[in-house]
Amino acid sequence: MERLRKVIEESDTTAGRVFDLSIQCLIIVSLITFSVETLPELSEKTQAWLRWIEIATVSIFTLEYFARFVVAKHKVQFVTSFFGVVDLLSILPFYVSTGVDLRSVRAFRLLRLFRIFKLVRYSKAIRRFHRALLIAREELILYLFVTFILLYLASVGIYYFEHDAQPAVFSSVFHSMWWAVATLTTVGYGDVYPVTAGGRIFTFGVLLVGLGVVSVPAGLVASALSKARDLEDSQVARNLLAREEPTERDDI
């Protein structure tokens, strides 16, 4: 049992790395199969092949789920954890929709997209990104709060400048929010735009603020990623020292 746990939960061994890479490849195959199924006018032979690939991948994912459940030290905690829920949702649509031809039930097949989140477990880069988000969590929450305030102020401002000139487009503050979102994010779809001099001057100011709105989170995440990398490097260094200490004591 302990050997199985090391293969499944630890990736610092050859067997563990092979297991992780195999599951990653199966996830990618499953996602590609899901996308191919949406192509129109597929032949019956192709549909049959896709069906068998789906059965094979789901079978392996099911075995993986139960194996993780068996080796988990805290089984309830595993089942209710993020990855436990993702693993369950990634296989559940297959068993729910099998043999049932109801449109309402077919909607559960969309949950197959949760398989892409299974890749998170096997990616050190994604785990590092998650750690960076935790480091910059407070700053990002403050940034979102300020962004919503700016969005509201921009909506109110453009409403008062453009309502009289374009009552159908800027009929309320809520209708003006679409323009505010497109302008603050510097997307500028061009479907809603000011025509008055005051509205255009106001838009220029909003665009300048929008440049900062776009760049701030990038800087926060970049700084947090650097801190996460430093924490990871320091952890690796501590692990190496811990492994070398027993050897040095044996030599003495």
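A few remarks follow.
- Those residues of the stretch 125-142 which are small (Gly, Ala, Ser), under 12 Å from Glu232 (Cβ atoms) and in contact with a helix residue (DSSP H, G or I) (Cβ under 6 Å, 6 or more places away or on another chain), in sequence order: Ala132
- A count restricted to the stretch 152-176 and to residues that are surrounded by 18 or more Cβ atoms within 10 Å (Cβ to Cβ), of a type outside the set (Val, Ile, Thr) and within 29 Å of Ala218 (Cβ to Cβ) stands at 4.
- Of Ile53, Ile60, Ile32, all but one fail to be in the same structural domain as Ser90 (by TED's automatic domain parsing), modelled with pLDDT under 90 and part of a helix (DSSP H, G or I); the exception is Ile32.
- Residue within the stretch 180-191 that is modelled with pLDDT under 90, exposed (fewer than 14 other Cβ atoms within 10 Å of the Cβ) and either among the charged types (D, E, K, R) or part of a helix (DSSP H, G or I) (or both) present: yes
- Residue in the stretch 167-178 that is of a type in the set (Ser, Thr, Tyr) and in a loop (DSSP other than H, G, I, E, B) present: yes
- Residue match in the stretch 119-131 (condition: more than 21 Å from the chain's Cα centre (by Cα), modelled with pLDDT under 90 and surrounded by 15 or more Cβ atoms within 10 Å (Cβ to Cβ)): no
- Taken over the stretch 63-87, the residue count meeting the criterion of being part of a helix (DSSP H, G or I) and either polar (S, T, N, Q) or outside the structural domain of Ile27 (by TED's automatic domain parsing) (or both) is 2.
The values are calculated or read from the model by the stated rules, or taken from the named source; none is laboratory data. These numbers come from a predicted model, not from an experiment. Neighbour counts run over all protein chains shown; Cβ positions are idealised from the backbone, glycine included.
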